[in-house]
Amino acid sequence: GKIAIIGIAKRLEELFYPGDQYPLYLDKKSETLKVIQQLRNEAHRFGITFHRNKRSNAALGTELESITGIGEKTAVELLKQFRSIKRIAEASKKELVDVVGVSKGNLVFQYYQKKKEAE
């Protein structure tokens, strides 16, 4: 029921075991080393892809989606119509209601009115 954990240093391709102060060196042409390198590279690629997606989604997840009752579809609809958060914030209640309906339009309008008052 235990999983063996090792670390691999990139430059010299040294293998480290937890608690062992000396690294293990494998032949540079060894198939074992190649498999371990592929595992490391894939784990690294996976981590970077996950991080990029998370950052990208955070960038796409607009201020609009932080408004309770406003989801991704509504945010996209508003952005298609108004082209920017600034224009949405400056839009009249009627303009917002015309695009996303009465209840959601009111939510967005009230959110930006409160935000303006706080400034």
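Rule-based calculations on the coordinates, nothing more; no lab input. Note that the coordinates shown come from a computational prediction; the quantities given were computed from them, not determined experimentally. All Cβ positions, glycine included, derive from the backbone under ideal geometry; neighbour counts span all protein chains shown.
Here Leu33, Leu78 are screened, and the one residue that is of a type in the set (A, V, I, L, M, F, W, C), free of Cβ contacts under 8 Å to residues at least 24 places away in the same chain, assigned to a helix (DSSP H, G or I) and in contact with a Leu (Cβ under 9 Å, 6 or more places away or on another chain) is Leu33. Kindly establish whether Thr49 is among the hydroxyl-bearing types (Ser, Thr, Tyr), closer than 30 Å to Ala75 by Cβ and either touching a residue at least 60 places away in the same chain (Cβ under 8 Å) or part of a helix (DSSP H, G or I) (or both). It is true that Thr49 is among the hydroxyl-bearing types (Ser, Thr, Tyr), closer than 30 Å to Ala75 by Cβ and either touching a residue at least 60 places away in the same chain (Cβ under 8 Å) or part of a helix (DSSP H, G or I) (or both). Tallying residues that are small (Gly, Ala, Ser) and within 15 Å of Ile6 (Cβ to Cβ) within segment 30-51 yields 2. Going residue by residue through segment 56-73, is there one that turns out to be surrounded by 10 or more Cβ atoms within 10 Å (Cβ to Cβ) and closer than 30 Å to Gly7 by Cα? Yes, that holds for at least one residue. Write out, first by first residue and then by second, each pair whose Cβ atoms fall under 6 Å of each other, whose residues are 6+ apart or on separate chains, and whose first residue, in segment 93-116, is free of Cβ contacts under 8 Å to residues at least 40 places away in the same chain and closer than 18 Å to Lys73 by Cα while the second is of a type in the set (Lys, Arg) and surrounded by fewer than 18 Cβ atoms within 10 Å (Cβ to Cβ). Close Cβ pairs (under 6 Å, with a partner that is of a type in the set (Lys, Arg) and surrounded by fewer than 18 Cβ atoms within 10 Å (Cβ to Cβ)) amount to Phe109/Lys93.
Right, Phe16: out of contact with any helix residue (DSSP H, G or I) (no Cβ under 6 Å at 6 or more places or on another chain), aromatic (Phe, Trp, Tyr) and surrounded by 15 or more Cβ atoms within 10 Å (Cβ to Cβ) or not? So Phe16 passes the test.
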